[in-house]
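Novice: Have a look at the structure that comes next, please.
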């Protein structure tokens, strides 16, 4: 910078300059993008979080009318051993009038012999509205909502005995996790 | 920084030397001599009060971070330890917690003042916009900070608020889990919330710099909303407004101290003294008082996505306010009809806050037995009015209202005919 050179006679190739500007800008953009990717992706689920995947539940320990709550991937899983009255109520609903139409059978996974066992309903116990845990313990009738299933105290969503949304702001039915029967009485969630 | 002629004269060799290289003393001196309208009232002291609030939160926050442990197994205990075992922790922790409430209390008065006196109108749109951004980041900071003590309200508040992102169509669930760093609110969530809660106050401090810069560039508004026309219309910031601000700060600190020393938990929730339990939701999840009006708007619609959009719109509408108000008259003092609408708007905000605290299905205003207006219905009416004020009343009133006659100048307004 210190020595003064006279540039007035120098020829400036505008096309060449444009090329250099564009090439520099493009290289910088690609570099910034390549750097941004890991900085964004580090926020996602870590390998250990993903690996803490599955739990086994022994259904025979749940007596009729009882509900088991277990923590799975940081969320509660509900296993309800439904009474015959609850099952018949869940099966008799006209699905055309549901917000998220599903039959009770569609919300069950097959046992090892390929049949459905409507006694055990397995769900993620997280309200589909904003993620609260619905209440629905046996014996507390007022806690089960207007449809005898579950009630979310946060914003007033009512679920029926199949965990389907019947009244309130929740958009969908309580989620059914991926689970399989590993014997007649034991299921594996996740 | 301030657009008035500088009167600073460095007296000593070191200050002369510095002034040629980095005129930082000049900047401070010019700030102090900044010509402010001579008629600013006590509603104008909240800018200074808010500066104090931000400093209080940053200083107490840095101290708390030295003792706090951002881990799901230790966070709750570490906050209890700060309150019980750390020297003066009993003082510093409530200063920070109560300080958050005081900060929002002051910012709401500051915002209502801006609304009433038309401080968002040309040429102060940038002042208002930076204010809106600061308010938005304040809300984020307040929410992130409330998660850190890891009580029941912390956990479930975080679950509900991050659930908003889950409502975004198609990418919602991935976005939510990306924010949480897991399937649910858990240790990765707490860790990043702590990091961001530490960062954002410094972002706010930088934005406050721009907010004040824009304000000094455009000049301060004043209660009659007429620009200063001569030197007589203004006073130097120091000592006139430093003293006025100092008195207001003193009164404000009395209220602050009352809560810190006598009612440190009055503005929080008892449920947050129960450690976070992902298996059990509290009976009523209620946000901190300063979010209640927006919570009421969220719940005013029975649809998840619509509720969120409406809540976002309630804040977004503030950003476009300078272009919604069609009136050239700034101060509501000269807008007799709009002034009444403004008072109703303030009442609507309080009603929304009340609805946010209540259970939607409960009766808010009973008449007779079992009958009456539910919080849900009341919230819907107040929400409708909230939006109508910005989207209908302000645009229409500006066109049809006949404003009162305005004084010629600030000096005329203050001193009448006397010179």
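Novice: Would you say residue B:235 is more than 19 Å from the chain's Cα centre (by Cα) and farther than 23 Å from residue B:144 by Cα?
Specialist: yes
Novice: Further question: Just to verify a result, which residue in the range B:270-291, among those that are at the interface with chain A (Cβ under 7 Å from one of its Cβ atoms) and buried (at least 21 other Cβ atoms within 10 Å of the Cβ), is farthest from residue B:355 (Cα to Cα)?
Specialist: Once the filter is applied, the top-ranked residue is B:281.
Novice: Of all residues being more than 24 Å from the chain's Cα centre (by Cα) and away from chain A (no Cβ under 13 Å) in the range B:151-170, which is surrounded by the fewest Cβ atoms within 10 Å (Cβ to Cβ)? Just the residue, please.
Specialist: By that ranking, first place goes to B:170.
Novice: Condition check: more than 17 Å from residue A:93 (Cβ to Cβ), crowded, with 19+ Cβ neighbours inside 10 Å and modelled with pLDDT of 85 or more. Does residue A:122 satisfy that?
Specialist: Answer is yes for this residue.
Novice: For the subset of the range A:162-176 comprising residues that are at pLDDT 90 or above, part of a loop (DSSP other than H, G, I, E, B) and surrounded by 19 or more Cβ atoms within 10 Å (Cβ to Cβ), which member is farthest from the other protein chains (Cβ to nearest Cβ)?
Specialist: Looking at the filtered set, the residue picked out is A:162.
Novice: Can you name the condition, by its number, that residue A:31 falls short on among (1) closer than 22 Å to residue A:176 by Cβ; (2) not assigned by TED's automatic domain parsing to the domain that holds residue A:133?
Specialist: Single failed check for residue A:31: (1).
Novice: Kindly establish whether residue B:235 is part of a helix (DSSP H, G or I), touching a helix residue (DSSP H, G or I) at 6+ places or on another chain (Cβ under 8 Å) and over 17 Å from residue B:118 (Cα atoms).
Specialist: No.
Novice: Just to be sure, is residue A:105 surrounded by 10 or more Cβ atoms within 10 Å (Cβ to Cβ), under 27 Å from the mean Cα position of the chain (by Cα), over 28 Å from residue B:194 (Cα atoms) and within 14 Å of another protein chain (Cβ to nearest Cβ)?
Specialist: no
Residues checked against (1) surrounded by fewer than 15 Cβ atoms within 10 Å (Cβ to Cβ); (2) free of Cβ contacts under 8 Å to residues at least 60 places away in the same chain; (3) within 14 Å of another protein chain (Cβ to nearest Cβ); (4) part of a loop (DSSP other than H, G, I, E, B):
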{"position": "A:12", "(1), (2), (3), (4)": "yes, yes, no, yes"}
{"position": "A:17", "(1), (2), (3), (4)": "yes, yes, no, no"}
{"position": "A:28", "(1), (2), (3), (4)": "yes, yes, no, no"}
{"position": "A:50", "(1), (2), (3), (4)": "yes, yes, yes, no"}
{"position": "A:93", "(1), (2), (3), (4)": "no, no, no, yes"}
{"position": "A:96", "(1), (2), (3), (4)": "yes, yes, no, no"}
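Novice: Does residue B:208 meet the test of being part of a helix (DSSP H, G or I) and under 20 Å from residue B:294 (Cβ atoms)?
Specialist: no
Novice: Of the residues that sit in the range B:330-376 and are touching a strand residue (DSSP E or B) at 6+ places or on another chain (Cβ under 8 Å) and within 14 Å of chain A (Cβ to nearest Cβ), which one is modelled with the highest pLDDT?
Specialist: My answer is B:355.
Novice: Within the range B:186-195, which residues are more than 7 Å from chain A (Cβ to nearest Cβ) and closer than 15 Å to residue B:278 by Cα?
Specialist: Selection gives B:187, B:189, B:190.
The values are calculated or read from the model by the stated rules, or taken from the named source; none is laboratory data. Just so it is clear, the structure is predicted and the values come from calculations on it, not from any experiment. Note: ideal-geometry Cβ built from the backbone for every residue, glycine included; neighbour counts use all protein chains shown.
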